[in-house]
Ligand code: C2E
Ligand code: CA
Ligand code: CA
Ligand code: CA
């Protein structure tokens, strides 16, 4: 028994060692990846659920690692956040996505505009030069503020209320929109949501996934939509995968949605081919 115990201890130790090593190499690789142009921005279309028109896109970063291949954001965003690398990474995503949208507007929008929604993390909101960086990127790319939406999670709102309100007011004065991501999963900010200048609520995928009638999630979605209407916010459902889910969402009068039922996140060239080229005609 003693030998066995010893062995399992060693096994555990080895596994932990591998995990730590894995993390460490990911950290080092992340830092190199930006210069070596291993990141790519993918775009997931967002649709109006009633007239089926394209409403905008969410930018989602992808990492094409030279030896490991494709690595999902779920594997590297948390490491990037812990190491602070998320700040330069998100700035890169912001620049690239704004540039892409500006170029699509020139090529395909016929004088109207597209909306691009970009994810921000806690550290992005805390950096002192966020507004300056956003201004520089809009000036450089020629994108108008009203084409840009920034997504932040509920818990970020309430971390530092007065400072966050101040920041959001500055963004709003540039006509930049704010979406609350994963709404309903974080700390309940219901009590003071009206204090923040936000524009959209994004219903978390976990609710959409279980939306069948009379489920707890159905009532949560119903409540979020009512709240949105009450506060004058648009509501976007995430992770719409089936026509049944779409029907429930339409019945609850959810205005916008994104999900595999409509489209996965796609590379820019694929977005052009499938959604933009036909707008030209
Ligand atoms: P999120 O912001 O909640 O993004 C939605 C996630 O759901 C994306 O995962 C998207 O690909 C996925 N998704 C979309 N439709 C469906 C569907 O119908 N079914 C299912 N099962 N999934 C769907 P992704 O791209 O893997 O990103 C994961 C998370 O990583 C994002 O969650 C976001 O929190 C973070 N992330 C991604 N890109 C960035 C970025 O550029 N900056 C920051 N700070 N975070 C990012
Ligand atoms: Ca998001
Ligand atoms: Ca989300
Ligand atoms: Ca999320």
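Considering only residues that are away from ligand 4 (no atom under 16 Å from the Cβ) and under 28 Å from residue 109 (Cα atoms), which ones fall in region 214-240?
First, the residues of region 214-240 that are away from ligand 4 (no atom under 16 Å from the Cβ): 214-223, 225-235.
Those that are away from ligand 4 (no atom under 16 Å from the Cβ) and under 28 Å from residue 109 (Cα atoms): 232, 233, 234, 235.
Go through (1) without any contact (Cβ under 8 Å) to a residue 24 or more places away in the chain; (2) away from ligand 1 (no atom under 16 Å from the Cβ); (3) within 19 Å of the chain's Cα centre (by Cα) one by one and return the number of the condition residue 163 breaks.
Among (1) without any contact (Cβ under 8 Å) to a residue 24 or more places away in the chain; (2) away from ligand 1 (no atom under 16 Å from the Cβ); (3) within 19 Å of the chain's Cα centre (by Cα), residue 163 violates only (3).
Among residues belonging to region 177-205 that are assigned to a loop (DSSP other than H, G, I, E, B) and at pLDDT 90 or above, point out the one that is farthest from ligand 2 (Cβ to nearest atom). Let's see the steps before the verdict.
If we filter region 177-205 for residues that are assigned to a loop (DSSP other than H, G, I, E, B), which is where we start, we get 184-189, 196-199, 204.
Next, only the ones that are at pLDDT 90 or above stay: 196-199, 204.
Details: 196: 17, 197: 19, 198: 14, 199: 14, 204: 10 Å.
Taking the candidates together, the pick is 197.
Being assigned to a helix (DSSP H, G or I), within 16 Å of ligand 2 (Cβ to nearest atom) and surrounded by fewer than 20 Cβ atoms within 10 Å (Cβ to Cβ): is that true of residue 155 here?
So residue 155 passes the test.
Quick check on residue 90: is it surrounded by fewer than 16 Cβ atoms within 10 Å (Cβ to Cβ) and either within 16 Å of ligand 3 (Cβ to nearest atom) or under 15 Å from the mean Cα position of the chain (by Cα) (or both)? Let's see the steps before the verdict.
On the way: surrounded by fewer than 16 Cβ atoms within 10 Å (Cβ to Cβ): no; either within 16 Å of ligand 3 (Cβ to nearest atom) or under 15 Å from the mean Cα position of the chain (by Cα) (or both): yes.
When the stated conditions are applied, residue 90 does not pass them.
Using the structure shown, decide if residue 210 is exposed (fewer than 15 other Cβ atoms within 10 Å of the Cβ), within 15 Å of residue 184 (Cα to Cα) and modelled with pLDDT of 95 or more. Before you say what the answer is, go through the steps one by one.
Details: exposed (fewer than 15 other Cβ atoms within 10 Å of the Cβ): yes; within 15 Å of residue 184 (Cα to Cα): yes; modelled with pLDDT of 95 or more: yes.
Yes: the conditions hold for residue 210.
Hey, could you check region 54-87 for residues that are more than 30 Å from residue 128 (Cβ to Cβ) and touching a strand residue (DSSP E or B) at 6+ places or on another chain (Cβ under 7 Å) and say which is surrounded by the most Cβ atoms within 10 Å (Cβ to Cβ)?
55
If we scan region 214-226, do we find a residue that is more than 14 Å from ligand 2 (Cβ to nearest atom), within 25 Å of residue 147 (Cβ to Cβ) and surrounded by fewer than 16 Cβ atoms within 10 Å (Cβ to Cβ)?
No, there is no match, as no residue in region 214-226 is more than 14 Å from ligand 2 (Cβ to nearest atom), within 25 Å of residue 147 (Cβ to Cβ) and surrounded by fewer than 16 Cβ atoms within 10 Å (Cβ to Cβ).
The values are calculated or read from the model by the stated rules, or taken from the named source; none is laboratory data. As the structure is a prediction and not an experimental result, all values here were calculated from the model. Every residue, glycine among them, receives a Cβ derived from its backbone with ideal geometry; neighbour counts consider all protein chains shown.
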